[in-house]
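Below: the structure, in structure tokens.
The values are calculated or read from the model by the stated rules, or taken from the named source; none is laboratory data. A quick note: this is a predicted structure, and the numbers were derived from the prediction, not measured. Positions of Cβ are backbone-derived with ideal geometry, glycine not excepted, and every protein chain shown enters the neighbour counts.
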Amino acid sequence: MSACQTPAAPATAAASPKKSTWSEHQAQALKSLGFVQNGEEWTLNLATSLLFSFDSDRLQQAQLKQLSELGQQLRELEVPSLRIEGHSDALGEAAYNKQLSQRRANAVAQALQSAGWPASALKILGFGREKPIADNASEAGRAQNRRVVLIAMAD
């Protein structure tokens with residue numbers, strides 16, 4: 001009977017942790033830019049610096065400059081791709097808000113393209129009012145929900 005049994009394989013391969021696709025330099029630089037790690041992705045909520053006016057997808061000149069600089073920094077870090085997620089508040093029709101959030105994400109994508117990002121490296125999504133980060137009952141909360149989020153992806 002003992003001849004039929006085979007010894008268990010060593011568990012060394014299973015015990016080693018998965019290596020991140022981001023270098024230590026990239027991780028530190030993304031943190032310094034305000035990104036927060038979420039698994040293999042890094043998320044930057046632009047709600048504090050890139051708030052949209054009610055029913056608007058227009059970026060101010062200062063915001064365009066800020067996005068251009070951020071885009072250049074991310075290119076220098078060799079971030080392979082970005083997902084750009086647009087959001088809206090809960091006022092108005094859901095279908096209209098979804099289109100508005102898509103236009104907001106497109107506005108950010110255009111600013112990043114002017115900083116050298118190829119369109120093929122940008123994935124643009126509009127979520128409308130589906131993912132609020134603040135209470136839509138107050139103007140301050142609605143303003144926070146009118147935002148764009150950048151997600152650095154490793155591909």
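A few comments on the model shown:
- Boolean, residue 77 is in contact (Cβ under 8 Å) with a residue 12 or more places away in the chain and under 17 Å from residue 30 (Cα atoms): yes
- Qualifying positions in the range 16-31 - at pLDDT below 85 and either loosely packed, with under 13 Cβ neighbours inside 10 Å or β-branched (Val, Ile, Thr) (or both): 16, 17, 18, 19
- Pick from the range 131-150, criterion touching a His at 6+ places or on another chain (Cβ under 8 Å) and in a strand (DSSP E or B), ranking: farthest from residue 38 (Cα to Cα): 148
- When we screen 120, 56, 68 for residues that are of a type outside the set (Lys, Arg), closer than 24 Å to residue 32 by Cα and either modelled with pLDDT of 95 or more or out of contact with any Phe, Trp or Tyr (no Cβ under 6 Å at 6 or more places or on another chain) (or both), the only hit is 68.
- Criterion applied to 92, 141, 126 was being farther than 26 Å from residue 28 by Cβ and at pLDDT 95 or above, and the one residue passing it is 126.
- Of the numbered criteria (1) in contact (Cβ under 8 Å) with a residue 24 or more places away in the chain; (2) under 16 Å from residue 45 (Cβ atoms); (3) surrounded by fewer than 20 Cβ atoms within 10 Å (Cβ to Cβ), the one residue 140 fails is (1).
- Any hit, the range 34-55, residues being exposed (fewer than 13 other Cβ atoms within 10 Å of the Cβ) and of a type in the set (D, E, K, R): no
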